[in-house]
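The values are calculated or read from the model by the stated rules, or taken from the named source; none is laboratory data. None of these values were measured; they are calculated from a predicted model. In this analysis, Cβ positions are derived from the backbone assuming ideal geometry, glycine residues included, and neighbour counts consider all displayed protein chains. These area figures cover heavy atoms from the full protein model, side chains too; ligands, DNA and RNA do not enter into them. Shrake-Rupley method; radii C 1.70, N 1.55, O 1.52, S 1.80 Å.
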Amino acid sequence: MASVRQIVNSLCRNVLLQAAKPNYGMLPAMQQRLLSTGQFQNLLVERRGEKKNVGLIKLNRPKAMNALCDALMTELTVALNELEQDKTVGCVILTGSERAFAAGADIKEMQQMQTFAETYNANFLTHWDVVSKCRKPIIAVVNGYALGGGCELAMMCDIIYAGEKAQFGQPEITLGTIPGAGGTQRLIRAVGKSKAMEMVLTGDRMSAQEAEKAGLVSKVFPVDQVVDEAVKTAEKIAGFSKIIVAMCKEAVNRSQEVSLAEGLLFEKRFFHGTFGTHDRMEGMTAFVEKRKPNFTDN
């Protein structure tokens, strides 16, 4: 007869499995259509890498410099959900064109919203959070402009690689508004209060080189090489245990939300938790036996 602990563990496991499944029945009509047809109007999606274990999403509104309209962000939600559920994909790259990663949110679309009540009731921009909530690592590859919502979108990702001509900025102040998708919150965590305050209060831009120096960007590459370099990094990440990668990402992100003491405790418990995985045993055994580990993501 099953013990109380076994029953509770079984119930918890079933709840977690159900929560991990996308509830497509509740998706808006556009998202359901995209899921059924796989056709995107504003994105290009492909698998990259020698083992095709890297998902690459390219923003594709060239005439609008990849302005982040609602339709594009809805498609991005669907594309990320698909890659999240694809067990062969271990890392995602999000990029735009050489001219613009994304020049910002779609101002023509925003201009139509007239009142506080309209924007508040619509919970405007909330669905953008899907990027920061993706459990798989996302590398933003930024060429050209990453302004306003484009800069915020890049900051939602886990790593930012920039082409040498990239420019970052939060110019919302020039439009009579403020950043609304993380520009006043994530930017300060990346570059510090003084630099962040200067950028949001003046609308001034930051070059790729300045962004790397300030800590906003991990690395800067020539424009025609940055995507390939990101693919190399993504392949390396995808070659590790997916469950351990997800735990590592969650632990790092938690540091942005809690005190040092709480973060250290969270990290320690996750570290302890890895000892309940097959991949931790395999990794350490392979090291001792001086062979390459064979991770199975469990």
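Positive end of the dipole of region 258-298, charges at C-beta (+1 Lys, Arg; -1 Asp, Glu), about the Cα centre: which of 273, 286, 296 has its Cα farthest in that direction?
My answer, from the dipole projection, is 286.
With +1 on each Lys and Arg Cβ and -1 on each Asp and Glu Cβ, how big is the dipole of region 150-298 about its Cα centre, in debye rounded to the nearest 20?
On the way: 19 positive and 20 negative charges, 86 e Å.
Roughly 420 debye for region 150-298.
How far is it, in nm, from the label point at residue 122 to the one at residue 225 when both lie 7 Å from their Cα along the line to the Cβ?
Modelled inter-label distance: 4.4 nm.
To the nearest 20 debye, what is the magnitude of the charge dipole of the chain about its Cα centre, counting +1 on the Cβ of each Lys and Arg and -1 on the Cβ of each Asp and Glu?
On the way: 36 positive and 32 negative charges, 177 e Å.
That gives the chain a dipole magnitude of about 860 debye.
Hey, can you grab everything whose amide H is under 5 Å from the amide H of residue 68? Only 5+ residues off in sequence or another chain; H modelled, so Pro and N-termini drop out.
The list, which skips near neighbours in sequence, is 104, 105, 106.
Once Rh for region 130-212 is found with the Kirkwood sum over Cα pairs, what is the Stokes-Einstein diffusion coefficient at 10 °C and 1.306 mPa s, in µm²/s? Show your work: numbers first, answer last.
Details: Rh = 12.7 Å.
This corresponds to a translational diffusion coefficient of 125 µm²/s.
Mean separation of Cα pairs under 8 Å and 6+ residues apart, divided by the residue count of region 164-298: what relative contact order is that in percent? Mind dumping the intermediate values first?
On the way: 116 pairs, mean separation 26.6, N = 135.
In percent, rounded to a whole number, it is 20.
Show me 259-266, 148-155, 110-117, 246-253 ranked by packing, highest mean number of other Cβ atoms within 10 Å first.
By packing density, highest mean first, the sequence is 148-155, 246-253, 259-266, 110-117.
Sorted by average packing, counted as other Cβ atoms within 10 angstrom per residue and highest first, what order do 188-194, 209-215, 72-78 take? Before the final figure, lay out each step's value.
Numbers: 188-194: 14.1, 209-215: 16.3, 72-78: 21.6.
So the peptides 188-194, 209-215, 72-78, ranked by packing, come out 72-78, 209-215, 188-194.
Run lengths n ≥ 4 of DSSP H only: what is the helix-derived mean residue ellipticity at 222 nm for the chain, with -39500 (n - 2.57) per run over all residues, to the nearest 500?
That calculation yields -14000 deg cm²/dmol at 222 nm.
Calculate the length of the line joining the C-alpha centroid of region 130-172 to that of region 224-286, in whole Å.
21 Å
Label points 7 Å out from Cα along the Cβ direction at residue 39 and residue 264: separation in nm?
Label-label distance for residue 39 and residue 264, simple model: 5.7 nm.
Mind checking which of 196, 239, 169 is farthest towards the positive end of the chain's charge dipole, using Cβ charges of +1 (Lys, Arg) and -1 (Asp, Glu) about the Cα centre?
Towards the positive end, the residue furthest out is 239.
Could you work out the relative contact order of the chain, using alpha carbon pairs under 8 angstrom and six or more residues apart, expressed as a whole percent?
Details: 469 pairs, mean separation 41.9, N = 298.
That works out to 14 percent.
When the label point is put 7 Å from the Cα of residue 164 along its Cα-to-beta-carbon vector, which residues of region 187-223 have a backbone N closer than 20 Å?
Only 206-223 fall inside the zone, counting backbone N under 20 Å.
Taking a probe of 1.4 Å, how large is the accessible area per residue of the chain, in Å²? Could you put the intermediate results ahead of the total?
Working: 17230 Å² over 298 residues.
Accessible area per residue, the chain: 58 Å².
Only residues of region 250-276 count here: report those whose backbone N is under 14 Å from the spot 7 Å along Cα→Cβ of residue 288, or say none.
Backbone N within reach: none found.
Under 5 Å between amide hydrogens, which residues at least 5 positions from residue 91 or on another chain qualify, with H placed 1.01 Å from N in the peptide plane?
Long-range HN contacts for residue 91: 55.
Assuming R0 = 45 Å, can you tell me the calculated FRET efficiency for the pair residue 60 and residue 194, based on Cβ-Cβ distance, to the nearest 0.05? Numbers along the way, then the final one.
Working: r = 36 Å, r/R0 = 0.81.
Step by step, r from the Cβ atoms, then E = 0.80.
Any idea what Rg and Dmax come out to for the chain if you just take the C-alpha atoms, in Å?
Final numbers for Rg and Dmax: 20.5, 68 Å.
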